[in-house]
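Structure first, then comments.
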Amino acid sequence: MKLLDGKVCAESLVADISSKVAGYVNSGLRKPHMTVILVGEHAPSESYVKSKIKSCSSAGFESELLRFPEAVTEQELLSRIAMINADPATDGVIVQLPLPKHINPQHVINAISPDKDIDGFHPTNFGRMTLGQKAFRPATAYGICKLLQFYEIPVKAKHCVVIGRSNIVGKPISIMLSNDFEIGNATVTLTHIETPRQLLLDETRRADIIVVAVGIPGFVTEDMVKDGVVMIDVGINRLENGKIVGDVDFEAVSRKCSWITPVPGGVGRMTVAALMINTLMAYQNNFNLA
Ligand code: GUN
């Protein structure tokens, strides 16, 4: 079993970005600028946002964190997003999810200019990605592709099983791995909460690559996988003892894997790196750079 080390891969990608940014800044351009919107107090979101801001500084970007209280209205958020859309000093904006219950996340996502939608959640980018056109790709799914590419894991013609159909991970990764992309051309099965147990087992037991994003510690057990599987664990679950674990029973399952992502230090790091790639692309688009 070998580890798909998200830390090593992310650091390498961010180092590349930072050298490109240094070149642009030396030629007289301003730095890329990311704006992050955080609503309310949600411990995991605080930690994700902190790592995004930290990564901006490693990449040579400027970043700005806009905090709103839990009670902010949808209209207030939409007005602020309209201002950011019109502000030439910001290349990309993300609204950290989840949002409080009284705010419809789709209204907020739809209000972001597709040109600044570095999370790739706007219907325009999601549609363009689905059609194989140039787009900001959803960061976690894109990060998984970059990790597979970095470790030269073959994807083409492989059988991939995705567990979980969320708009932020399961749905986009199932599309990306099946599309005619650089890291793609796989045969993909998307399973979800309504998939009958036996059908899920039939699929996972013959999968070459499994991507699991369900948010349930220990969901993938040893009996569910074949020897040599490549396991991508998207889960980030905090146990009562404070330990962070994924959706895979790592100890037992890893013995059967050819490759597996650790948690932490796997996909989470790649989400942030992919966001940096998207921000650089937004900036390059803004300044008509290659
Ligand atoms: N919450 C969990 N994952 C994500 C993500 O990739 N982007 C945003 N904005 N919020 C999230």
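The values are calculated or read from the model by the stated rules, or taken from the named source; none is laboratory data. Here the structure is a predicted model, which is why all the values come from computation and not from measurement. Using ideal geometry, Cβ is built from the backbone for each residue, glycine included, and neighbour counts are taken over all protein chains shown. For the accessible areas, the whole protein counts, side chains as well, though only heavy atoms, and no ligand, DNA or RNA atoms are used. Shrake-Rupley method; radii C 1.70, N 1.55, O 1.52, S 1.80 Å.
Scanning the stretch 20-69 for residues that are of a type in the set (Phe, Trp, Tyr) and open to solvent by less than 60 Å² (accessible area, probe 1.4 Å) turns up Tyr24, Phe61, Phe68.
A search for C-beta distances below 7 Å between a residue of the stretch 136-147 that is in a helix (DSSP H, G or I) and any residue that is among the polar types (S, T, N, Q), counting only pairs 6+ apart in sequence or on different chains, returns Ala139/Thr271; Ala139/Asn278; Thr140/Thr271; Gly143/Thr271. For Ile209, the criteria (1) in contact with a helix residue (DSSP H, G or I) (Cβ under 7 Å, 6 or more places away or on another chain); (2) among the β-branched types (Val, Ile, Thr); (3) more than 30 Å from Phe61 (Cα to Cα) hold in every case but one, which is (1). If we keep just the residues of the stretch 103-131 that are outside any helix (DSSP H, G or I) and surrounded by fewer than 17 Cβ atoms within 10 Å (Cβ to Cβ), which is farthest from the ligand (Cβ to nearest atom)? Checking each candidate, the answer is Leu131.
Within the stretch 180-188, one or more residues are among the β-branched types (Val, Ile, Thr) and open to solvent by less than 50 Å² (accessible area, probe 1.4 Å).
Yes or no, residue by residue, for (1) touching a residue at least 40 places away in the same chain (Cβ under 8 Å); (2) among the aliphatic types (A, V, I, L, M); (3) in a helix (DSSP H, G or I):
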position	(1), (2), (3)
Cys9	yes, no, yes
Val14	yes, yes, yes
Ile17	yes, yes, yes
Thr35	yes, no, no
Glu46	no, no, yes
Lys50	no, no, yes
Ser57	no, no, yes
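A residue that is surrounded by fewer than 19 Cβ atoms within 10 Å (Cβ to Cβ) and touching a residue at least 24 places away in the same chain (Cβ under 8 Å) cannot be found anywhere in the stretch 266-277. Within the stretch 132-141, restricting attention to residues that are open to solvent by less than 40 Å² (accessible area, probe 1.4 Å) and within 14 Å of the ligand (Cβ to nearest atom), the residue that is farthest from the chain's Cα centre (by Cα) is Phe136. Number of residues in the stretch 147-167 that are within 14 Å of the ligand (Cβ to nearest atom) and either of a type in the set (Lys, Arg) or open to solvent by 30 Å² or more (accessible area, probe 1.4 Å) (or both): the value is 2.
Look at the stretch 86-109: where a residue is touching a residue at least 24 places away in the same chain (Cβ under 8 Å) and a partner is surrounded by 11 or more Cβ atoms within 10 Å (Cβ to Cβ) and aromatic (Phe, Trp, Tyr), sitting 6+ places away or on another chain with Cβ atoms under 6 Å, you get Asp91/Tyr283. Screening the stretch 168-179 for residues that are within 16 Å of the ligand (Cβ to nearest atom) and open to solvent by 40 Å² or more (accessible area, probe 1.4 Å) and picking the one that is nearest to the chain's Cα centre (by Cα) gives Ile168. State yes or no: is Val263 open to solvent by less than 40 Å² (accessible area, probe 1.4 Å) and not in a helix (DSSP H, G or I)? Taking the combined requirement at face value, the residue satisfies it.
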